Amino acid sequence: MSNQSGRVLPEVTGESRDFWAGGFEGELRIYRCQSCRGWIHPPVGACWQCRSLDVGPEVASGKGTVAAFTVNHHPWLPAFPPPYVIAAVELEEQPGLRLTTCLVECDIDEVVVGMPVEVVFDEQDDVAIPFFKPVRA
Ligand SMILES: [Zn+2]
């Protein structure tokens, strides 16, 4: 699926609907287990730690650090000219809670593992895609 801008948009399923829609409210919504309180991403219908089915979206802080990254030089998406940084961002809520995302509003040369970042939302049709930008002092 793609829209007029040529961007490939994510498929919105029942369990990921809150994740993709939360950005319209400025909220990064991540699934959380109501039994063990563990965070779960990508969103699924059961907790992988305690197997509870009592899971649902909660609002995360939107803050994290770059856990790993790669610079993409290939023009995969017409509206997203390379080079740009694809990163695994580890959210501050829980070790290992990572989103694969793109970094925006930064120079490629300044990106390092451990860099503090915060969420920004790119609204495209019926989804608000969470990207991350460096936290400026
Ligand atoms: Zn659990």
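The values are calculated or read from the model by the stated rules, or taken from the named source; none is laboratory data. Please read these numbers as outputs of a predicted model, since none were measured by experiment. All Cβ positions, glycine included, derive from the backbone under ideal geometry; neighbour counts span all protein chains shown.
Can you report the number of residues in region 84-107 which are of a type outside the set (D, E, K, R), outside any strand (DSSP E or B) and surrounded by 12 or more Cβ atoms within 10 Å (Cβ to Cβ)?
Residues of region 84-107 of a type outside the set (D, E, K, R): 84-89, 91, 94-97, 99-104, 106.
Okay, now just the ones that are also outside any strand (DSSP E or B), so 94-97, 104, 106.
Add one more test, that the residue is surrounded by 12 or more Cβ atoms within 10 Å (Cβ to Cβ), and what stays is 94, 97, 104, 106.
The total comes to 4.
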Original post:
Taking residue 66 and the conditions (1) without any contact (Cβ under 8 Å) to a residue 40 or more places away in the chain; (2) surrounded by 12 or more Cβ atoms within 10 Å (Cβ to Cβ), which numbered condition does it fall short on, given that it satisfies the others?
Top reply: (1)
**OP:** Could you please tell me which pairs satisfy a Cβ distance under 8 Å, a separation of 6+ or placement on different chains, a first residue in region 19-44 that is at positive phi, and a second residue that is not polar (S, T, N, Q)?
**Re:** 26/121
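Among residues belonging to region 1-38 that are modelled with pLDDT under 95 and within 18 Å of residue 118 (Cα to Cα), point out the one that is surrounded by the most Cβ atoms within 10 Å (Cβ to Cβ). Talk me through it step by step, then tell me what you get.
Filtering region 1-38 for residues modelled with pLDDT under 95 gives 1-21.
Next cut, within 18 Å of residue 118 (Cα to Cα) only: 19-21.
Values: 19: 25, 20: 22, 21: 16.
Selected residue: 19.
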Original post:
Residues in region 14-31: is at least one in a strand (DSSP E or B) and among the hydroxyl-bearing types (Ser, Thr, Tyr)?
Top reply: yes
**OP:** Please go through region 40-51 and pick out each residue that is surrounded by 14 or more Cβ atoms within 10 Å (Cβ to Cβ), over 17 Å from residue 118 (Cβ atoms) and not aliphatic (A, V, I, L, M).
**Re:** 43, 47
Original post:
Looking at region 61-83, is at least one residue within 16 Å of the ligand (Cβ to nearest atom), touching a strand residue (DSSP E or B) at 6+ places or on another chain (Cβ under 8 Å) and assigned to a loop (DSSP other than H, G, I, E, B)?
Top reply: no
**OP:** Considering only region 74-91, state which residues are over 11 Å from residue 108 (Cα atoms) and over 16 Å from the mean Cα position of the chain (by Cα).
**Re:** 74, 75, 76, 77, 78, 79, 80, 81
Subject >> Qualifying positions in region 40-59 - within 16 Å of the ligand (Cβ to nearest atom), touching a Lys or Arg at 6+ places or on another chain (Cβ under 9 Å) and closer than 28 Å to residue 103 by Cα >> reply: 40, 41, 43, 56, 57, 58
